[in-house]
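Beneath this line is the structure, given in structure tokens, with notes to follow.
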Amino acid sequence: MAPPPAEPDLQLISLPVSPFAARVRIAIRAKRLDIQITPPPAGWPNDARFRDINPMGRIPVLILGDGEAIWESAVILETLEELFPAAPPLLPPGVLARARARLLVRCADHELMPPMIALAAQPDEPETRRLVGRLVDGLAILDGLIDGGPYAVGDRLSFADCALAPALFAARVTGERLGIDLLDSTPNVADYAAAVAEDASVVHVLAEMEDGLSRLVRVG
Ligand SMILES: N[C@@H](CCC(=O)N[C@@H](CS)C(=O)NCC(=O)O)C(=O)O
């Protein structure tokens, strides 16, 4: 079996505020990997050179030492787990717990992120109401799948937390912009969001998101 690539040969194309890139950065910190974080080229997402790297045009992208690119944050998480089996694992022991961690990543991807991405485009009032309803429904689903934390599955950070912590950060920011407390009727989610935000790897990456956001606001 070929040895895993040396970590300094790996790069993650990422931007501070992207919740999808943030989940991979949390994993990199938790696994204590030395992976270079670089921004996408100017002109992203329409830049042709970037489309040569990831034809789907999205960040994050993991570049391996031989130039091979892997994209889709959930796939990158799995790849890091396979490439660095000696690093602290982000999948819990036990088939069912591992399934639950992966399922919660899907919950973030299917129930939380799509309405938030659509809301970020600032649609008209009826569409905003519909999307907020969808997001609240997604949060209610999550509320039934977790307890108050600090971790979503078991007693250690897992893929689930890597995905959920940035998604819930984005939910807080979305709610603040709209003047509503989106976590008002989901006590498990509210407690979990506060508790997981204390994890050392999560604290660092959420601070990067906050910082990136304030820069965007200043530029905008
Ligand atoms: N399913 C993808 C979603 C990634 C994604 O949507 N990234 C955003 C930034 S947060 C992006 O690259 N948007 C540019 C675009 O869609 O053109 C993943 O999990 O990596």
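Take every DSSP beta bridge whose two residues both sit in the stretch 7-83, then give the antiparallel share in percent to the nearest 5. Show your work: numbers first, answer last.
Details: 6 of 9 bridges.
So the antiparallel bridges amount to about 65 percent of the total.
Run the quick spin-label model on E125 and L216: label points 7 Å from Cα toward the beta carbon, then report their separation in nm to one decimal.
My value for the distance between the label points is 2.6 nm.
At I141 and A200, where each label point lies 7 Å from the Cα along Cα→Cβ, what is the point-to-point distance in nanometres?
Going from the I141 label point to the A200 one covers 3.5 nm.
In whole Å, what three semi-axes, largest first, describe the equivalent ellipsoid of the stretch 7-83 built from its Cα gyration tensor (square root of 5 times each eigenvalue)?
On the way: eigenvalues 73, 34, 24 Å².
So the equivalent ellipsoid measures 19, 13, 11 Å along its semi-axes.
Could you check which residue among I13, I76, I180 shows the biggest mean-square fluctuation in a GNM of the chain with a 10 Å Cα cutoff?
Sorting by GNM fluctuation, first place goes to I180.
Can you give the calculated 222 nm mean residue ellipticity of the chain, where each DSSP H run of n ≥ 4 adds -39,500 (n - 2.57) and the sum is split over every residue, rounded to the nearest 500 deg cm²/dmol? Don't jump to the answer; show the numbers that get you there.
Details: 9 runs with 119 residues, N = 220.
Here the helix-only value at 222 nm equals -17000 deg cm²/dmol.
Would you mind working out the accessible area per residue for the stretch 7-83, using a 1.4 Å probe, and quoting it in Å²? If you can, show how the numbers build up before the last one.
Working: 3640 Å² over 77 residues.
Per residue, the stretch 7-83 has an accessible area of 47 Å².
Working out 0.36 nm times the residue gap between E81 and E68, then minus their Cα-Cα distance, what length gain in nm do you get to one decimal?
Working: separation 13, 0.36 × 13 = 4.68 nm, distance 1.71 nm.
The E81-E68 span can extend by a further 3.0 nm.
How long is the gain from I180 to R106 if the chain were fully straight, where each residue apart is worth 0.36 nm and the alpha carbon distance is subtracted?
Gain on extension, I180 to R106, equals 24.1 nm.
So which GluC sites (Glu not before Pro) in the stretch 26-112 end up in coil per DSSP with only 16 or fewer other C-beta atoms within 10 Å? Spell out each step's value before the answer.
On the way: sites: E68, E72, E78, E81, E82, E111; in loops: E68, E72.
Filter output for the stretch 26-112: E68.
What's the local net charge at G144, with K and R +1, D and E -1, over the other residues with C-beta under 13 Å away?
With Lys, Arg at +1 and Asp, Glu at -1, the neighbours total -3.
Could you look at the chain and say what percent of its accessible area is carbon and sulfur, using a 1.4 Å probe and all protein chains? Walk me through the numbers before you get to the answer.
Numbers: 6320 of 11140 Å².
The C+S portion of the solvent-accessible surface of the chain is 57 percent.
The values are calculated or read from the model by the stated rules, or taken from the named source; none is laboratory data. Keep in mind the model is a prediction, meaning the values are calculated, not measured. Cβ sites come from the backbone with ideal geometry, for glycine too, and all protein chains shown count toward neighbours. Calculation scope for accessible area: heavy atoms of the full protein, side chains included, ligands and nucleic acids excluded. Shrake-Rupley method; radii C 1.70, N 1.55, O 1.52, S 1.80 Å.
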